[in-house]
Amino acid sequence: MAQSQGLGKKYIKAFFKGFFVAVPVTVTFLDRVACVARVEGASMQPSLNPGGRQASDVVLLNHWSIRNYDVQRGDIVSLV
C-alpha cells in the first residue's frame, strides 16, 4: 500500500512538472507563431464558406508573417 501511494505521488509530481512546462510553451506558440480560428458567416464568401453553406471553415492564422511584414496582395488578414 505504501508503494502505491509513493507511485501515485510520483506520477502526480511528473504531471504537474509537465503541465507547468507545457502551458507556457503552448501559450507562447499560440500568441507568437500561429493559432487556429473558425470563420463563420458570409463576409468571406466565396473564398471561405463557399456555396452559402452554414458550416464554418477552420483556418490557421500565421502570426509570424505579420511580425515580419511578409504580407502580400491576395492574402487574407484577420483583425481582432
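Averaged over its residues, the chain has an accessible area of 90 Å² per residue, based on protein heavy atoms and a 1.4 Å probe.
Tally up the carbon and sulfur contribution to the accessible surface of the range 19-62 as a whole percent, 1.4 Å probe, everything protein left in place.
Values: 2140 of 3300 Å².
Roughly 65 percent, rounded to a whole number.
Helices in the chain, meaning DSSP H runs of at least 4 residues, each add -39500 (n - 2.57). Divided by all residues, the mean residue ellipticity at 222 nm is -15000 deg cm²/dmol.
Placing L30, L60, L79 in order of accessible area, with the largest value first and a 1.4 Å probe, yields L79, L60, L30.
Starting from the Kirkwood radius over alpha-carbon pairs of the chain, derive D by Stokes-Einstein at 37 °C in a medium of 0.692 mPa s and give it in µm² s⁻¹. Walk me through the numbers on the way to the answer.
Working: Rh = 16.4 Å.
For these conditions, the coefficient is 201 µm²/s.
For the chain, which longest stretch is free of loop sites, where a loop site is one of the trypsin sites (Lys or Arg not before Pro) that DSSP puts outside H, G, I, E and B and that has at most 12 other Cβ atoms within 10 Å?
1-52
The values are calculated or read from the model by the stated rules, or taken from the named source; none is laboratory data. Since the structure is predicted, the reported quantities are computational estimates derived from the model, not experimental observations. A quick note on method: Cβ atoms are made from the backbone with ideal geometry, for glycine too, and the neighbour counts reach across all protein chains shown. Side chains are part of the model used for accessible areas, which takes the heavy atoms of the whole protein and leaves out ligands, DNA and RNA. Shrake-Rupley method; radii C 1.70, N 1.55, O 1.52, S 1.80 Å.
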